[in-house]
Structure formats: structure tokens, C-alpha cells
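What follows draws every value from the coordinates through simple rules; no lab data is involved. Everything numeric here is computed off the predicted structure, so don't read it as measured data. Positions of Cβ are backbone-derived with ideal geometry, glycine not excepted, and every protein chain shown enters the neighbour counts.
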Amino acid sequence: MTVEQFPIGVLISGRGSNLQAILDATERGEVAARVVAVISNREDAFGLERARCRGIPAVTFPRRDYATRQEQQAAMAAELQRRGVRLVVLAGFDQVVGTALLRSFPNAIINVHPSLLPAFGGGLHAQREALDHGVKVSGCTVHFVSQDVDAGPIILQAAVEVRDDDTEESLSNRILAREHRLLPRAVDLIARNRVRVEGRRVLIAPNQD
Ligand code: GAR
């Protein structure tokens, strides 16, 4: 299999701007992977449209269709495996990932979070928490997903300065712009087999090209 074929699945719950960034980057040839499935736990997630526009299968797994979240995520995992996915990318996915997905994709699930972890992890309002805390620098993190929420080994981070006149919206927008570059970059590094995990540390091999 050539690196260009490295199949990834993207899990979303809403807007899907990070999904869009991955799709655009793959189309520009900047990411050595292709999105073979987009999966959402919410039927109204706008990101589903973004996928369908590109002819990418977009499948929903509504919570009400399953007795437990574990069963719901087991169904997602089965769909991803059926499509040959080698890396699962959480891009604004609002569920905690349980053992069904973790066991199906060991060390092969990554997430983007809008703060410099380990600060402001564990929630869905990291930018608000950063502002409330008064930090001068925040940013975003791409990390491997483990059983502990937002605590897996860190692959890439980018810092974003917090300005005195920032609102939650203005800070979120600047962080999001950095996410859109960081997440595709992390996918590319993994697709090119340049990422190695040693305990908590993620080592990135130099580019051989
Ligand atoms: C992004 O800012 C992402 O970092 C955040 O949700 C947003 C999704 O935007 N994720 C989390 O907070 C996870 N804890 P998008 O749907 O436009 O990609």
C-alpha cells in the first residue's frame, strides 16, 4: 500500500471545519492519506454535508438507536474496520471514547483539542476556561486518545497568544485556524510512519525526502 492510500476515518459531532481542513489538505496533496469514512453521533452535524460533497461515505450512529454508548461506539468501530481504516481522527467529536473503539484501534486514534494540554482538558469549553483563568498563551494540541480523557501522548502543539480584548469567540477563531494546520500535519506524519510513541513521549522522525 502506498502512503497516499493510507485510509483514515474521521469522527465528528458538528460543524466539521477540521474535517474540511483535512479534506482540503489531502486534495492539495499535503497529506499522504485519504478519508474513507466520516462518522457522526449526530444526524444534524454539518460536517456530514462536507463529506458527502466530496463523495465520501458519511454515516450516522444516533445514540437512541443503541442501548448503551458502548454499543453505539462498537457499531462505529465495526464500520471503520469494515472500511479498512488505519487511523481514526476525532475532529470535534463530543463523546468520551470508550473501550470498544480503543480496543479496535490500539494507538490509532487521535484527537484535536483547543488548548495546550494538560491545561484545560476534559471539557468542551477549553477556550472559555483559558480566558477565565487569565492565561497569556493558549493554543491547540493533537494527541493520541487513551482511556483518560485528553491525557494521551501529545503529538503536536501550537501556541496562540491571548489578547487583552479577546472574547471566547475571537480566541476560539484564532485557535481554530491553528487547528486547521496542525491536525492535517499530524495525520500526514502518522500516515508516513514518522511517529513513534515512547511512554508519554511522541518522537517524530526527520523527513527522509
Ligand atoms: C474544535 O475547536 C475542536 O478542537 C474542539 O471542537 C471544535 C470542533 O470544531 N474539540 C474539543 O473541544 C474536544 N474536547 P469543528 O467541528 O469545526 O472541527
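If I require 27 Å or longer along the helix axis, counting alpha carbons, and a Kyte-Doolittle average no lower than -0.5, what helices from the chain are left? Use full DSSP H segments.
Details: long enough: 168-191 (33 Å, -0.18).
Qualifying helices, which must be both long enough and hydrophobic enough, are 168-191.
By average Cβ neighbour count within 10 Å, what is the ranking of 191-197, 164-170, 20-26 from highest down?
Working: 191-197: 15.3, 164-170: 11.0, 20-26: 20.7.
Averaged packing, sorted descending, gives the order 20-26, 191-197, 164-170.
Once amide H atoms are placed 1.01 Å from N in the peptide plane, what residues at a sequence separation of 5 or more from V162, or on another chain, have their amide H within under 5 Å of its amide H?
V137, S138
Counting each pair of different Cα atoms once, what's the Kirkwood radius of the stretch 50-158 in Å, rounded to one decimal? Walk me through the intermediate numbers first.
Details: mean 1/r = 0.0657 Å⁻¹.
After inverting the pairwise mean of 1/r, the radius is 15.2 Å.
Give the residue from A91, L23, G123 lying farthest towards the positive end of the charge dipole for the stretch 3-204; charges sit on Cβ (+1 for Lys and Arg, -1 for Asp and Glu) and the dipole is referred to the Cα centre.
Value: L23.
Taking amide H positions as placed in the peptide plane 1.01 Å from N, state which residues far from S146 in sequence (5 or more) or on other chains have amide H under 5 Å from it.
A151, G152
Near the amide H of R192, under 5 Å away, which other amide H atoms are found, from residues 5 or more places off or on another chain, if H is placed in the peptide plane?
Residues meeting the amide H criterion: none.
Label points 7 Å out from Cα along the Cβ direction at A158 and R54: separation in nm?
Between A158 and R54, the simple spin-label model gives 1.7 nm.
Would you mind classifying the chain by shape? Square roots of the alpha carbon gyration tensor eigenvalues, ordered a ≥ b ≥ c; an a/c under 1.5 is rounded, otherwise it is prolate if a/b is larger than b/c and oblate if not.
It is rounded, given that a/c, with a ≥ b ≥ c, falls under 1.5.
Go ahead and estimate [θ] at 222 nm for the chain from helices alone: -39,500 (n - 2.57) per DSSP H run with n ≥ 4, summed, over the residue count, rounded to 500.
Numbers: 6 runs with 70 residues, N = 209.
Only helices count here, giving -10500 deg cm²/dmol.
Suppose every Lys and Arg Cβ carries +1 and every Asp and Glu Cβ carries -1, with no other charges. What dipole size does the chain come out with about its Cα centre, to the nearest 20 debye? Spell out each step's value before the answer.
Details: 26 positive and 25 negative charges, 148 e Å.
Computed about the Cα centre, the dipole is about 720 debye.
Taking 0.36 nm per residue of separation and subtracting the Cα-Cα distance, what length does fully extending L124 through A75 add?
Working: separation 49, 0.36 × 49 = 17.64 nm, distance 2.41 nm.
Separation in residues times 0.36 nm, less the Cα-Cα distance, equals 15.2 nm.
Mind giving me the nanometre distance, one decimal, between the label points for D132 and E169, set 7 Å out from Cα along Cα→Cβ?
2.0 nm
At what distance in nm do the modelled label points of E30 and T99 sit from each other, each positioned 7 Å from its Cα along Cα→Cβ?
Between E30 and T99, the label points sit 4.0 nm apart.
For each of S172, S17, count neighbouring Cβ atoms within 10 Å of the residue's Cβ, then give the residues from fewest to most. All intermediate terms of the calculation are to be shown ahead of the outcome.
Details: S172 21, S17 17.
Taking fewest neighbouring Cβ atoms as first place, the list is S17, S172.
Quick check for me: using +1 on Lys/Arg Cβ and -1 on Asp/Glu Cβ, what's the dipole size of the stretch 116-177 about its Cα centre, in debye to the nearest 20? Numbers along the way, then the final one.
Numbers: 4 positive and 10 negative charges, 41 e Å.
With Lys and Arg at +1 and Asp and Glu at -1, about 200 debye.
Could you derive backbone 3J(HN,Hα) for the stretch 158-163 from the dihedral phi with the Karplus parameters 6.51, -1.76 and 1.60 (θ = phi - 60°), listing whole Hz in sequence and x where the residue is Gly or Pro?
9, 8, 10, 6, 9, 9
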